[in-house]
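Participant: For reference, the structure I am asking about is given below.
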Amino acid sequence: MAKRQMHLVAFLMTSPSSHHHGAWRHPESDIDQMMRPERWEHIARVLEAGKFDALFFADLNGLYDLFEGRFDTMVGKGGQICLLDPTVLLPIMARVTRHIGLGLTYSTTFHHPFGAARMLATLDHMSNGRVAWNVVTSASVVEARNYGITDMPDKATRYDRADEVLEACCALWDSWEDGALLFDKANGDFADPSKVRYADYEGRWIRTRGPLGTPRSPQGRPVIMQAGSSERGREFGARWGELVFTLQHEKSDMQAFYQDFKGRMGTYGRSPESCAILPSIDVVIGETESIARERAAYVNSLVDTRLGMAQMSGHLGTDLSRFDPGQPLSDLPTEFGSKGSLDVILQGSRRESLTLGEAARRFATSELCPQVVGTPEQVADHFCDLFLDHACDGFILTPTLFPGMYEQFCRAVVPILQKRGVFRREYTGDTLRANLQG
Ligand SMILES: Cc1cc2nc3c(=O)[nH]c(=O)nc-3n(C[C@H](O)[C@H](O)[C@H](O)COP(=O)(O)O)c2cc1C
């Protein structure tokens, strides 16, 4: 039986900061190139040379402006502000690569399935079957306002609606059968209409008639990515997800999530192997451990306390400028400790008696992701330990230096993983889905 293979996905944003708010200020960062297509072509080539399963763009359709009631710190200091539309970047990256999967984030709350299905099917054609859709329901009010939504539906409703959006998209993607296109010049038969049908989808929120204008794409439907961690989010992921991202620090928590999630998939008639679970992780690599530690300390020193507070304000939905950064976290109202994943840092920080400013700096170094610091061997050891103990099926890597971290990782860590037989040496499938299963 073939040895179980690790999956690697790169986390990209069209924003100065992704998870590490200091990385863009590093002297080796290519931040001044970010509005140029060559930057995105380059990173796609690097990741494909490293045989990554996929890259994907996380996305936010709005500017956080809760901190001091303004977006000045977010814009001025380079927070998570997504400057470009990934639907336009992916075809650029598709044209300089042949194998790597290409994912984008698209909200089921803001977009109608007809447009989403058409755009994703087109991208799947233009990339020869390499597209993935990171399905998000979007919780942020700043995004909702940009789409004219003043009353954001609650989480349960957003996920119920997301189920309908995906059902409708599938009905649209299935409205053309394989082989419908004939291109028969001699007889003048362009397509076989008996292989095209209406979608006729009617749900509680969503209606669409179809058929889709776009013929069936190489993958039939894009690979579905998802990152729900709540009870309802996990159910949604267990039904639809093929690549699921998580955010945990402890191996035991990762294993518990892994067991729980794979168990839920059975309810939907799915085998556990049809979805890969990938914790998000930051990596800082050095030729020696002490060089790696110095590198991490250096890049971590580049974060801005106020930007950390502004970004946290956006995630928490409250204006943290009302509090003194020198104030112990334990003096803050306790409701801040009850917002899902932010519990991780707030509780940890309370235990360590950090001030708000110190907690904000820590938040700004990774947005709560674990940071692995070490030599290529040490990083590979860490990855293998989690992978082989079924804490995960691979990792989603977020940049601590762009593009340098990915270049180092592909050059130094990937060959070790390959030598240990846990990561592909070559792509074997024709599509992203085939490579994920291969
Ligand atoms: C690695 C990772 C990447 C994510 N990327 C996005 C994103 O690009 N856009 C977004 O709106 N939410 C993003 N999320 C948030 C998730 O979609 C989800 O809302 C969150 O994990 C909380 O889960 P829940 O909705 O089940 O509570 C991301 C989460 C993780 C862990």
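The values are calculated or read from the model by the stated rules, or taken from the named source; none is laboratory data. Nothing here was measured: the structure is a model prediction, and the numbers come from that model. Because the Cβ atoms are built from the backbone with ideal geometry, glycine has one as well, and the counts that use them run over all protein chains shown.
Participant: Just checking, which of Gly103, Gly69, Gly76 is buried (at least 16 other Cβ atoms within 10 Å of the Cβ) and either away from the ligand (no atom under 16 Å from the Cβ) or under 21 Å from the mean Cα position of the chain (by Cα) (or both)? Break it down into steps so the answer makes sense when it comes.
Facilitator: Working: Gly69 fails: buried (at least 16 other Cβ atoms within 10 Å of the Cβ); Gly76 fails: buried (at least 16 other Cβ atoms within 10 Å of the Cβ).
The conditions single out Gly103.
Participant: Would you call Arg232 within 16 Å of the ligand (Cβ to nearest atom), closer than 23 Å to Pro113 by Cβ, modelled with pLDDT of 95 or more and surrounded by fewer than 20 Cβ atoms within 10 Å (Cβ to Cβ)?
Facilitator: Working: within 16 Å of the ligand (Cβ to nearest atom): yes; closer than 23 Å to Pro113 by Cβ: yes; modelled with pLDDT of 95 or more: yes; surrounded by fewer than 20 Cβ atoms within 10 Å (Cβ to Cβ): yes.
In short, yes.
Participant: Could you list, ordered by first residue, the pairs with Cβ atoms under 6 Å in which the first is in the range 214-238 and farther than 22 Å from Ser271 by Cβ and the second is more than 7 Å from the ligand (Cβ to nearest atom) and in a loop (DSSP other than H, G, I, E, B), at least 6 apart or interchain?
Facilitator: Pro215/Ala180; Arg216/Asp178; Pro218/Asn128; Pro218/Gly129; Pro218/Thr431
Participant: Does Phe57 count as touching a strand residue (DSSP E or B) at 6+ places or on another chain (Cβ under 6 Å), buried (at least 20 other Cβ atoms within 10 Å of the Cβ) and in contact (Cβ under 8 Å) with a residue 12 or more places away in the chain?
Facilitator: For Phe57, the condition - touching a strand residue (DSSP E or B) at 6+ places or on another chain (Cβ under 6 Å), buried (at least 20 other Cβ atoms within 10 Å of the Cβ) and in contact (Cβ under 8 Å) with a residue 12 or more places away in the chain - is met.
Participant: Give me a count of the residues in the range 1-25 that are more than 22 Å from Leu417 (Cβ to Cβ), away from the ligand (no atom under 14 Å from the Cβ) and either without any contact (Cβ under 8 Å) to a residue 24 or more places away in the chain or in a loop (DSSP other than H, G, I, E, B) (or both).
Facilitator: Total satisfying the criteria: 3.
Participant: Shifting gears a bit: Quick check: anything in the range 157-178 surrounded by fewer than 17 Cβ atoms within 10 Å (Cβ to Cβ), polar (S, T, N, Q), within 13 Å of the ligand (Cβ to nearest atom) and modelled with pLDDT of 95 or more?
Facilitator: Yes, that holds for at least one residue.
Participant: Does any residue in the range 148-170 that is more than 19 Å from Thr208 (Cα to Cα) come within less than 7 Å, Cβ to Cβ, of a residue that is among the charged types (D, E, K, R) and outside any loop (DSSP other than H, G, I, E, B) six or more places away or on a different chain, and which pairs are these?
Facilitator: So the pair list comes out as Pro153/Arg161; Lys155/Arg232; Ala156/Arg232.
Participant: Find the residue count for the range 185-218, including only residues that are more than 35 Å from the chain's Cα centre (by Cα) and exposed (fewer than 15 other Cβ atoms within 10 Å of the Cβ).
Facilitator: Residues flagged as more than 35 Å from the chain's Cα centre (by Cα) and exposed (fewer than 15 other Cβ atoms within 10 Å of the Cβ) within the range 185-218 amount to 9.
Participant: Further question: Only one of (1) of a type in the set (A, V, I, L, M, F, W, C); (2) under 18 Å from Met126 (Cα atoms); (3) part of a helix (DSSP H, G or I) is not met by Leu55, so which one is it?
Facilitator: (3)
Participant: Looking at the range 1-45, which of the residues that are among the β-branched types (Val, Ile, Thr) and closer than 30 Å to Cys384 by Cβ is surrounded by the most Cβ atoms within 10 Å (Cβ to Cβ)? Full working, then the answer.
Facilitator: Taking the range 1-45 and keeping what is among the β-branched types (Val, Ile, Thr), we get 9, 14, 31, 43.
With the extra rule that they be closer than 30 Å to Cys384 by Cβ, the set shrinks to 9, 43.
Details: Val9: 27, Ile43: 20.
That would be Val9.
Participant: Is it the case, given these coordinates, that Ala117 is crowded, with 22+ Cβ neighbours inside 10 Å, closer than 21 Å to Gly213 by Cα and either modelled with pLDDT of 95 or more or of a type in the set (Asp, Glu) (or both)? Walk me through how you get there before you give the answer.
Facilitator: Working: crowded, with 22+ Cβ neighbours inside 10 Å: yes; closer than 21 Å to Gly213 by Cα: yes; either modelled with pLDDT of 95 or more or of a type in the set (Asp, Glu) (or both): yes.
The answer is yes for Ala117.
Participant: Still on this structure: For Val135, only one of the following conditions fails: (1) away from the ligand (no atom under 16 Å from the Cβ); (2) closer than 26 Å to Asp160 by Cβ; (3) in contact (Cβ under 8 Å) with a residue 24 or more places away in the chain. What is its number?
Facilitator: Of the numbered conditions (1) away from the ligand (no atom under 16 Å from the Cβ); (2) closer than 26 Å to Asp160 by Cβ; (3) in contact (Cβ under 8 Å) with a residue 24 or more places away in the chain, the odd one out for Val135 is (1).
Participant: Please give the number of the condition Ser140 fails out of (1) out of contact with any strand residue (DSSP E or B) (no Cβ under 7 Å at 6 or more places or on another chain); (2) more than 14 Å from the ligand (Cβ to nearest atom).
Facilitator: Going through the list (1) out of contact with any strand residue (DSSP E or B) (no Cβ under 7 Å at 6 or more places or on another chain); (2) more than 14 Å from the ligand (Cβ to nearest atom), Ser140 breaks only (2).
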